[in-house]
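Asks: I have a structure I would like to understand better, so I am pasting it below and will then ask my questions one at a time.
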């Protein structure tokens, strides 16, 4: 990587961390100002979200420490979902998803990245999907989205007469993008970033619809800002990982010449 690229990545990462942290702090401050606020729970959740911010930026830069931050993020979120379910709200499905899938994938990712050279500050050797793999992941995305949509729409009470329930669709698609993005991230594929970009675009659309329906919704504004930062970071991550995949492809040739 060129010196100018390293300098840009350093300053860009700092900008992302500061911007996303400010969005998180504002979100937490607004929630703490509510009459029914539970400070301990909010601060615990905020810490988990901060770990998610760190994981996102570290992942874009190919730092293996992303899996430590990621483990704290998904574990805390799973706990919050379990608490929500225990108190009579929804959250059991998300809790199961995080503990059964996202938590184990942090260990898988750590092992896979180390196997691909992410040791001593080195980035993993990034790889690219071939045509067959793209077809497989696209098929999983489409089938998974349809199945999840049909299951959730069956129990959804909003827009009961609508043929296509946009609220359900905007809820299901990011989940599928998250699942496939995590799998590709843990196995060091560049194409993970297309799925993360998809997550952020759909999240921005979802919260924009919420804001349009409830103009005074403070959460929606902050989440739109938050996911906008995530989107920019994902685009930068795609740029960095494409460069990493080129470096990985060039190294074997260089080693043969030595």
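Asks: Among the numbered conditions (1) at positive phi; (2) in contact with a helix residue (DSSP H, G or I) (Cβ under 9 Å, 6 or more places away or on another chain); (3) loosely packed, with under 14 Cβ neighbours inside 10 Å, tell me where residue 117 comes up short.
Replies: Residue 117 satisfies all of (1) at positive phi; (2) in contact with a helix residue (DSSP H, G or I) (Cβ under 9 Å, 6 or more places away or on another chain); (3) loosely packed, with under 14 Cβ neighbours inside 10 Å except (3).
Asks: Still on this structure, please answer the following. Scanning for something part of a helix (DSSP H, G or I) and either modelled with pLDDT of 90 or more or more than 17 Å from residue 55 (Cα to Cα) (or both), does the range 117-127 turn up at least one residue?
Replies: no
Asks: Now, a different point. Given the structure, is residue 208 assigned to a helix (DSSP H, G or I), modelled with pLDDT under 90 and over 27 Å from residue 63 (Cβ atoms)?
Replies: Here the answer is yes, as residue 208 does meet what is asked.
Asks: Now a separate question. Condition first: free of Cβ contacts under 8 Å to residues at least 24 places away in the same chain and buried (at least 19 other Cβ atoms within 10 Å of the Cβ). Now tell me which residues in the range 1-30 satisfy that.
Replies: The one that is free of Cβ contacts under 8 Å to residues at least 24 places away in the same chain and buried (at least 19 other Cβ atoms within 10 Å of the Cβ): 28.
The values are calculated or read from the model by the stated rules, or taken from the named source; none is laboratory data. Computed from a prediction, not measured in an experiment: that's the story for all the values here. Virtual Cβ from ideal backbone geometry, glycine too; neighbours counted across all protein chains shown.
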